[in-house]
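Enquirer: First the structure, then my questions, so here it is.
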Amino acid sequence: MKKQAVLLILITLFICLKAFSQSNLNNSECATLNPENFNKVIDGKQVGLFFLKNGNLTAAITNYGGRIVSLCAPDKNGQKADVVLGFKSIDDYLKATGVYHGAIVGRVIGRIAKGNFELDGKTQSLTINSGANHQHGGSKGFHNQVWEVKTVTDSSLVLSYISVDGEMGYPGTLQVEATYQLTSNNELTLRLLATTDKTTIVNLTNHAFFNLAGEGNGTILDHILTIPSNYFCKVNSDKIKTGVLLKVSRTPFDFRKGKSIGKDIVLETSDEQLKIGLGYDQSYVLKKKKSNKILLAATVVDPNSGRKLEVFTNNMGVHFFSANFFKGTDVGKMGKPFHYRESFALETQDYNSPNQKSFPTMILKPGEKYETYTVYHFSSIK
């Protein structure tokens, strides 16, 4: 009888453990990433994948482009999902049609007309990689560089990159440091620092694409977006800032009170600025003078999962992009294709432009320090 009782207890324990294990398995929609799939040498530099964990968040970051590969956050029921688009291997990144996924972009985010700008009375010419213009730092911008790994802990990763004088046409050697940190307050923070040995221009950001329902889990048009901004930057037909700030009031770009991303995007057939971007692709003004003051840049809520993302920054602006060009050709780490308007980007940055004198300057001089700070705070609502 004793043997039978012990056997019954063991069987019961086995069933319970199996059920618990299955429950945990079903409680997460996060990809299992293999670091070996990121073990590659590019341009003589070693690429790797680094895992961070703190609080309820886990993240995976590669030093190829300083990219956020994965970011897992819980919903209102505690079920985790990967809310950042990424790929399962370095080879998938190299062959992807979308080249900026999760990457640090620089030296300058955005487009520069014909790749030319004036600096200290001289015309500087940058490489051309977007029609007749320069975009996002050029074809070998920071997103396509292997960053040096300086330090790694359970919850933080420090990367550095030296952009040499003349790289992509930019003057001066720029030394850049990026620090990713997961906090116990369910935040992913990114601090970007830069110094130069010659007068140059700089405006950095991270280009992560989010879907708060989880990577590949359908449209983001039902996500509720709030951007506390009264102005956005007008662009021309090449999506280059004109130097004019437009009021959001009575336009599809007014997210001050919060609304679904899809509510007014249907006006893309009639609104000039929506037509140009084929949807939302706009820079919003958060403040008009540089300061270290950290402001709320945007809030996004997925009404189904209850996941809530708040983005804070000391930057002067944030760029909102509704993923208007994805065609399903790239397949993410969850085995699902990236489709049209199934993700969004909130790129914290200064809203400046090197050819618009009315905008705040992006000039960095020797002895000065460029420093930006962004917080991605996750929570949930019932």
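The values are calculated or read from the model by the stated rules, or taken from the named source; none is laboratory data. Fair warning: this is a prediction, and the values are worked out from it, not measured in the lab. FYI the Cβ positions are ideal-geometry reconstructions off the backbone, even for glycines, and counts take in every protein chain you see.
Enquirer: Tell me the residue from K53, K114 that is outside any loop (DSSP other than H, G, I, E, B), under 25 Å from N186 (Cβ atoms) and in the same structural domain as S353 (by TED's automatic domain parsing), please.
Expert: K53
Enquirer: Which fully enclosed strands (runs of 3 or more DSSP E) of segment 191-253 have 2 or more residues being in the same structural domain as E368 (by TED's automatic domain parsing) and within 22 Å of G110 (Cα to Cα)?
Expert: Ranges flagged: 231-235, 241-247.
Enquirer: Working carefully through the options V69, V105, V41, find the one that is touching a helix residue (DSSP H, G or I) at 6+ places or on another chain (Cβ under 7 Å), among the hydrophobic types (A, V, I, L, M, F, W, C) and on the phi < 0 side of the Ramachandran plot.
Expert: Checking each option against the conditions leaves just V105.
Enquirer: Could you please give the count of residues in segment 296-307 that are surrounded by fewer than 16 Cβ atoms within 10 Å (Cβ to Cβ) and part of a strand (DSSP E or B)?
Expert: Summing the residues that are surrounded by fewer than 16 Cβ atoms within 10 Å (Cβ to Cβ) and part of a strand (DSSP E or B) in segment 296-307 gives 0.
Enquirer: Just the residues that are more than 17 Å from the chain's Cα centre (by Cα) and either under 26 Å from I224 (Cβ atoms) or of a type in the set (D, E) (or both), please, taken from segment 341-370.
Expert: Within segment 341-370, E368 is the sole residue that qualifies.
Enquirer: Let me ask something else. Considering each residue of segment 308-343, count those that are within 22 Å of I265 (Cβ to Cβ), touching a Leu at 6+ places or on another chain (Cβ under 8 Å), of a type outside the set (S, T, N, Q) and in a loop (DSSP other than H, G, I, E, B), and give that number.
Expert: 3
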